[in-house]
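Report on the structure given below.
Read-outs throughout are calculated quantities, based only on the coordinates presented, and are distinct from any laboratory measurement. Remember, predicted model here, so these are calculated numbers, not experimental data. Backbone-built Cβ (ideal geometry, glycine too); neighbour counts: all protein chains shown.
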Ligand code: 28F
């Protein structure tokens, strides 16, 4: 502290031209953050002087135009004596030399905004006007600059009481598109400065508004914590708070930390590196989390406080944790888009090993606070388990709700995977009733069609849903249609049209195929759509009944029966409709996957199919169905 500096301690590096050529390299950019960065640089120098015990007051005057500002401290005042070799004063060197440093720099953590701590010379280079004044040895000195160049040597203005440094500057409009400072941004930063450096009195004088605010906190981070906890309006879990202050360890870094658990359900820790907020965290926060976790777990284990039936997650331990971490490191590396995440790998272990033993010790010394904290953590763990159970309940109810919104007339099947599920679209209520009784309830769902199916050839999607039968079908399929089609949501692996083999049945089947082809083409392209083959003839011979799918089938049955020497007369009935079929018969002939015959609708030739569809639909649906059936008869897989 008794160290004294003279101008010869300063190492001279380079001029300021590069700064004006590429300001972004030095202050990040020329937007609002870059503009305010100038203030933080000068403020840092004042804070340094305060941190080292030489200044107790910092004064920031935002002038009425908001485009110029004065920062002052009551420290020792920048030396103005002449450097022997360069013939320049220390003040001039500091303000005109990039990376000017000396012993002064080694002792401090200059980094406003994490950009190398470029200092006063960069501010000077980017200012249209800068006036530095220094009070030392009872005299007041001043040096003026324009765009970084001194207008004259420092001159003595007269005598002065006390000591200190003041810097007035006006950011250069040639560099910054907008040169107005934001008083709110400055005030917020000054308040944080007053918390991070306890005792320092920071005055913000907003001349434009005629407002003066004083920030001063004797208890620094602890006051900050009280402020944050108060603002969050969450009751605290314990008193006193945990506080850690570690000065200048082996690595030359400093750690200040305050922690308090609250009833809030989130974690809220603010962190700073060299006075710069690190909103995106980084290695110091990682180290803190690790240290807190280990300390608390250790305490819980040593005191046999582990809860029964629930394991503590890391997030449980930090639920409601509120705190401030402020560290000072020599060479901070900042990362991320906004350079607000610390990336020094060694810092994680350093913070972890500083926090863990200190917190563990504190827990043991403050046993009632510690027990309250542990109780809070156990509640967090139990709440997490309970909310996960509730979440699962909601999901389960969600599935039930989805089921409720299915068409009332759908008799769904119970299998869970779409591949195991078939949807039978059945013409008519009575046929639907039979199918419902006959089906395999696990794998086969029945959707009876009652009303008319809209002819959707050339119909807009919105119109499609006005048709009850089709909107029920869309709902049952679950996958949307047209532009909203999402096959992952398809609820069935096979879609099977079960219609009578008469003209009404043909008509309905054709309309359904048209809809699927126009609005859910992938279902057909993937071969998921089928036509069921209910029998067309009933053949009774003596006590035996046979069902024939079509004429050739009927004749084959008759031949076989004659061949087997049956004498009785065969009675042949043309099939009257699905509705009159006994469930058992419907199962055997049409539904049972072991014995049924399905026709797969196949559209390998899309262009041809399109032409066929357009050519046949609209005029004579049954003719078109006849066309389908004729071809289906020949090829098993329906080839439109
Ligand atoms: C408004 C911004 O910049 N305050 C400063 C000091 C004090 C000393 C100093 C500054 C000299 C040789 C570099 C005084 N007496 N506020 C400020 N206060 N710089 S900047 O010295 C700079 C060194 O190398 C100072 C004795 N030692 C240091």
ask   = At a Förster radius of 45 Å, what calculated FRET efficiency corresponds to the Cβ-Cβ distance of residue 184 and residue 489, to the nearest 0.05?
value = 0.35
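Report, in deg cm²/dmol and to the nearest 500, the calculated mean residue ellipticity at 222 nm for the chain, where each DSSP H run with n ≥ 4 adds -39500 (n - 2.57) and the sum is divided by the residue count. Write out the running numbers ahead of the final one.
On the way: 21 runs with 245 residues, N = 640.
Dividing the helical sum by the residues of the chain leaves -12000 deg cm²/dmol.
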request  = Enumerate the residues in segment 506-537 having an amide nitrogen under 14 Å from the point lying 7 Å beyond the Cα of residue 460 toward its Cβ.
outcome  = none
query = Hey, with R₀ at 25 Å, roughly what FRET efficiency would residue 385 and residue 419 work out to, going by the Cβ-Cβ distance, to 0.05?
reply = 0.10
request  = Give the distance, in whole Å, between the Cα centre of segment 18-62 and the Cα centre of segment 195-230.
outcome  = 18
note = Everything considered on the Cα gyration tensor (a ≥ b ≥ c; rounded for a/c under 1.5, else prolate if a/b is larger than b/c, else oblate), segment 435-491 must be described as oblate
task = Name all residues of segment 220-236 having a backbone nitrogen under 19 Å from the label point set 7 Å from the Cα of residue 265 along its Cα→Cβ direction, giving them as ranges.
result = 232-236
query = Relative to the present Cα-Cα distance, how much length would full extension add between residue 338 and residue 17 at 0.36 nm per residue of separation?
reply = 113.0 nm
ask   = Taking the Cβ-Cβ separation of residue 562 and residue 540 as r and a Förster radius of 22 Å, what is the calculated FRET efficiency to the nearest 0.05?
value = 0.90
ask   = Which whole-number percent is the relative contact order of the chain (Cα, under 8 Å, 6+ apart)?
value = 8
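Multiply the residue gap between residue 371 and residue 555 by 0.36 nm, knock off their C-alpha separation, and tell me the result in nm, one decimal place.
Numbers: separation 184, 0.36 × 184 = 66.24 nm, distance 8.98 nm.
Once the chain is fully extended between residue 371 and residue 555, it gains 57.3 nm.
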request  = Sort the following peptides by mean Cβ neighbour count (other Cβ atoms within 10 Å, averaged over residues), highest first: 323-331, 299-307.
outcome  = 323-331, 299-307
request  = Rounded to the nearest 10 degrees, what's the angle between the helix 183-196 long axis and the longest principal axis of the chain, both from Cα atoms, 0 to 90?
outcome  = 70
task = Assuming a ≥ b ≥ c are the square roots of the Cα gyration tensor eigenvalues, decide whether segment 238-370 counts as rounded (a/c under 1.5), prolate (otherwise, with a/b larger than b/c) or oblate.
result = prolate
Whether segment 208-259 is rounded, prolate or oblate, judged on the alpha carbon gyration tensor where a/c under 1.5 counts as rounded = oblate
request  = Please give the helix 32-51 orientation as an angle from the longest Cα principal axis of the chain, in degrees from 0 to 90, rounded to the nearest 10.
outcome  = 50
key: Virtual paramagnetic centre 7 Å along Cα→Cβ of residue 573, amide N under 19 Å, in segment 519-547   = 534-547
query = Which angle from 0 to 90°, rounded to the nearest 10, does the C-alpha axis of helix 220-232 make with the longest principal axis of the chain?
reply = 30
task = Post the alpha-carbon centroid distance, segment 511-531 to segment 307-327, in whole angstrom.
result = 55
remark   = Two pseudo-spin positions, 7 Å from Cα along C-beta at residue 349 and at residue 137, lie apart in nanometres by 4.9
task = Using packing as a proxy for protection, rank 40-52, 189-201 so that the peptide with the highest average count of other Cβ atoms within 10 Å comes first.
result = 40-52, 189-201
